[in-house]
Amino acid sequence: MRYQISGKQIDIGEALQIHVQQELGEAVKKYAERPTEAVVVFSKSGHEFVCETTVHLSTGLTAQAKAHQTEIYAAFDTCCDKMEKQLRRYKRRLKDHHKDRVEPVEIYGASSYILASDADSESQEPETLQPIIVAEMETKIPSLSVGEAVMQMELAGAPVLVFRNEGKEGLNVVYRRDDGNIGWIDPQ
């Protein structure tokens, strides 16, 4: 597995990097057959350290975890525990999907935009109907089955996932509903 360990405006020592590689490697290999890449980013938020971890699996799925603690090692250990819990919870489903899939997940490029919110001018009429674009970036849309899309959304902890439906060759959306169930949008 390839590791990318970095700090946002903080220095991380070699000892922490070795600790991350050993602990995360053990946790991930226990539940995922062939992890390909792990990205670990440390940052500081007030008096707490924040650890964000993303692990890319050979099945094309991505697992993410985030933790806050007052000490940097504790932040990583909590984050690693969350990652291990996610992977343990979905181990059977990951293996079942991987057996059916003979090739890796196809990824399609798309543009992603962040629009400015008009929180300050709620009572005022907008001058134009065109939204203000704050940021533009590339994003990836995976080609998955509906079951894999639901699993990917839950592993990533995301409220919504856009994916290309392998069964119908169209774009679909799965999302978490307010009642806790999963919704699926399948346009005709």
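Read-outs throughout are calculated quantities, based only on the coordinates presented, and are distinct from any laboratory measurement. Keep in mind that what you see is a predicted model, and the values were worked out from it rather than measured. Don't worry about glycine lacking a Cβ; one is built from the backbone with ideal geometry, like all the others, and counts go over all protein chains shown.
Using the 10 angstrom Cβ neighbour count as an exposure proxy, how do Tyr31, Tyr175 rank, fewest first?
Ordered from fewest to most neighbouring Cβ atoms within 10 Å, Tyr31, Tyr175 come out as Tyr175, Tyr31.
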Listed with the fewest Cβ neighbours within 10 Å leading, Ile10, Ile5 appear as Ile10, Ile5
Formal net charge of residues neighbouring Asn172 (Cβ-Cβ distance under 9 Å; K, R +1; D, E -1): +1
Can you work out the Karplus-derived ³J(HN,Hα) for every residue in segment 70-80? Use 6.51 cos²θ - 1.76 cosθ + 1.60 with θ = phi - 60°, whole Hz, and x for glycine or proline. 6, 10, 5, 5, 5, 4, 5, 4, 5, 5, 5
For Phe76, Phe49, what ranking results if the residue with the fewest other Cβ atoms within 10 Å of its Cβ goes first? Phe49, Phe76
Residue by residue through segment 145-158, what is 3J(HN,Hα) from phi via Karplus (6.51 cos²θ - 1.76 cosθ + 1.60, θ = phi - 60°)? Round to whole Hz and write x for glycine and proline. 7, 4, x, 5, 5, 5, 5, 4, 4, 5, 5, 7, x, 8
Shape box of segment 2-98 [Cα atoms, principal axes, largest first, Å]: 42, 21, 18
Debye, to nearest 20: dipole size of segment 2-98, +1 on Lys, Arg Cβ, -1 on Asp, Glu Cβ: 620 debye
